[in-house]
1. Quick check: with the 1.4 Å probe, what order do Thr30, Thr172, Thr146, Thr48 take by accessible area, largest first?
2. Is it possible to state the helix-based mean residue ellipticity at 222 nm for the chain, with each DSSP H run of 4+ residues giving -39500 (n - 2.57), the sum divided by total residues, to the nearest 500 deg cm²/dmol? What is it?
3. Out of residues 5 or more away from Ser173 or on other chains, whose amide H comes under 5 Å of its own, with H placed 1.01 Å from N in the peptide plane?
4. Please work out the average accessible area per residue across the chain, using the 1.4 Å probe convention, and give it in Å².
5. How long is the gain from Val68 to Thr172 if the chain were fully straight, where each residue apart is worth 0.36 nm and the alpha carbon distance is subtracted?
6. Compute the projected area of the convex hull of the Cα atoms of the chain, averaged over all viewing directions, and report it in nm² to one decimal place.
7. Please say if the stretch 162-223 is rounded, prolate or oblate, where rounded means a/c under 1.5 for a ≥ b ≥ c the square roots of the C-alpha gyration tensor eigenvalues, and otherwise the choice is prolate for a/b larger than b/c and oblate otherwise?
8. With θ set to phi - 60° and the Karplus curve 6.51 cos²θ - 1.76 cosθ + 1.60, what are the ³J(HN,Hα) couplings of the stretch 76-81 in order, to the nearest whole Hz, using x for Gly and Pro?
Amino acid sequence: MDDAESLSRVQKDLIDGSFASGALRFGTFTLKSGRISPYFFNAGELSTGPLISVLATGYAAEIAKLGVKFDVLFGPAYKGIPLAAATALALHREHGIDVGYAFDRKEAKDHGEGGRVVGAPLKGKRVLVLDDVMTSGKAVRISVDTIRAEGGEIVGAVLLLDREEVGPDGKTSTVEDLHGFLGHEVVSLLKMRHLITWLKNRGDNSSIEAMEAYRAQYGIKQT
């Protein structure tokens with residue numbers, strides 16, 4: 001992997017803002033998988049106007065570049081909800097792309113309009129899923145089941161951060177597995193390599209060493 005690649009302005013702004021807000025932290029963290037990680041990313045901390053603006057701009061640019069035809073953005077509850085809403089706005093404002101957005105409830109509503117999905121109807125629509133940090137891929141897989149149950153067609157997924165780690169089999173990454181499951185593109189705004197590049201630009205040698213060691217143990221291997 002080439003960590004010498006330069007960061008785009010959006011990537012730099014996003015990492016800068018994430019670090020300053022505490023959404024991105026370096027240290028020692030135990031993940032749900034049981035792995036001891038030298039960094040942790042909590043997209044829920046990206047909770048100010050300027051940060052959500054940078055984030056939505058990044059998602060919108062990545063989606064426009066991807067060139068996939070779709071009708072609805074879907075954000076898994078709960079963190080995906082503001083992502084979908086803000087990105088739909090950014091797509092309209094910055095790229096002239098007008099689409100709907102929808103999200104799910106954790107539990108189906110049994111009164112009022114009822115149902116599990118809120119927002120734009122999914123039946124007969126092409127749906128692009130947004131998610132934050134890819135770990136197990138569970139949230140996206142649940143979203144796929146929800147969208148298909150509503151009669152929608154999945155056309156891809158866009159992530160905030162790809163940790164670039166191998167799964168339990170030690171061979172393929174979660175993103176590769178998800179790509180195979182969806183049968184469509186899975187792309188991300190940031191990858192672990194971008195975080196390492198950012199650390200190198202800051203000269204944070206202790207964090208770089210820990211990140212490199214973690215990547216050597218759990219990172220995807222180039223073929």
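The values are calculated or read from the model by the stated rules, or taken from the named source; none is laboratory data. Everything numeric in this text was worked out from a predicted model, so none of it was measured. Neighbour counts are summed over all protein chains in view; Cβ atoms, including those assigned to glycine, are modelled from backbone coordinates with ideal geometry. Heads up: the accessible areas ignore ligands, DNA and RNA and are worked out on the full protein's heavy atoms, side chains in. Shrake-Rupley method; radii C 1.70, N 1.55, O 1.52, S 1.80 Å.
1. Numbers: Thr30 105, Thr172 45, Thr146 15, Thr48 65 Å².
Descending accessible area places them as Thr30, Thr48, Thr172, Thr146.
2. On the way: 7 runs with 93 residues, N = 223.
Rounded to the nearest 500, it is -13500 deg cm²/dmol.
3. Here Gly167 satisfy the definition.
4. 49
5. Separation in residues times 0.36 nm, less the Cα-Cα distance, equals 35.0 nm.
6. On the way: hull surface 50.9 nm².
Averaged projected area of the chain's Cα convex hull equals 12.7 nm².
7. Values: a/c = 3.70, a/b = 1.76, b/c = 2.10.
Taking the square roots of the gyration eigenvalues as a ≥ b ≥ c, the stretch 162-223 is oblate.
8. Karplus values, whole Hz, x for Gly and Pro: x, 5, 9, 5, x, 5.
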